[in-house]
Amino acid sequence: MRLSEILFKGEFSSEYSTETTEIEKIETDQNKIDSSTLFVFIRSINFDIKSIITTVLSKKPKAIICDYSLEIGKTDIPVFKVENTRKILSFLFSRFYKIDYSKSKFIGITGTN
């Protein structure tokens, strides 16, 4: 699937084009990256970009999405900066898997007993 089909203009900033980037899967786990992966950095409490970036770059994902300026030096891996990776990830998955939420029913259950 072309990245431009799931990541729309106005949702990111980058010098790269989404039109020429083909992806086969979306991952947030650095251990599951391959050359067809769109990797999305999700920050956590124990998040250390410096220790993760070398692993990610060595696996050569098709593209990277992050929510801050990522300085990786010279590489041919496109980096797309978004405002909030957690928010954009939900849109990416729904577009990638063609989920139509208008046909879904959501039920919330509250209470302790």
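The values are calculated or read from the model by the stated rules, or taken from the named source; none is laboratory data. All values reported here derive from a predicted model rather than from experimental measurement. Cβ sites come from the backbone with ideal geometry, for glycine too, and all protein chains shown count toward neighbours. Calculation scope for accessible area: heavy atoms of the full protein, side chains included, ligands and nucleic acids excluded. Shrake-Rupley method; radii C 1.70, N 1.55, O 1.52, S 1.80 Å.
Please go through the stretch 58-101 and give me each residue that is open to solvent by 100 Å² or more (accessible area, probe 1.4 Å) and either at pLDDT below 90 or touching a strand residue (DSSP E or B) at 6+ places or on another chain (Cβ under 7 Å) (or both), ordered by number. Working first, answer last.
Just the residues of the stretch 58-101 that are open to solvent by 100 Å² or more (accessible area, probe 1.4 Å), to begin with: 60, 71, 74, 76, 83, 86-87, 97-98, 101.
Once the filter is applied, which keeps residues that are open to solvent by 100 Å² or more (accessible area, probe 1.4 Å) and either at pLDDT below 90 or touching a strand residue (DSSP E or B) at 6+ places or on another chain (Cβ under 7 Å) (or both), the stretch 58-101 yields E71, K74, D76, Y101.
Among the residues making up the stretch 8-23, those that are closer than 13 Å to P78 by Cα and part of a loop (DSSP other than H, G, I, E, B) are F12, S14, E15, Y16, S17, T18, E19, T20, T21, I23. Against the test of being farther than 21 Å from S90 by Cα and not charged (D, E, K, R), the options I45, I52, I65, I33 yield a single qualifying residue, I52.
When the stretch 37-51 is filtered for residues that are of a type in the set (V, I, T) and surrounded by 13 or more Cβ atoms within 10 Å (Cβ to Cβ), the ones remaining, listed by number, are T37, V40, I42, I49. The residues of the stretch 26-36 that are closer than 18 Å to R86 by Cβ and open to solvent by less than 20 Å² (accessible area, probe 1.4 Å) amount to a single one, I26. Scanning the stretch 10-25 for residues that are farther than 19 Å from S69 by Cα and within 12 Å of the chain's Cα centre (by Cα), we see that the one that is surrounded by the most Cβ atoms within 10 Å (Cβ to Cβ) is I23. The set of residues in the stretch 54-113 that are farther than 17 Å from T28 by Cβ and among the β-branched types (V, I, T) comprises T54, I72, T75, I99, I107, I109, T110, T112.
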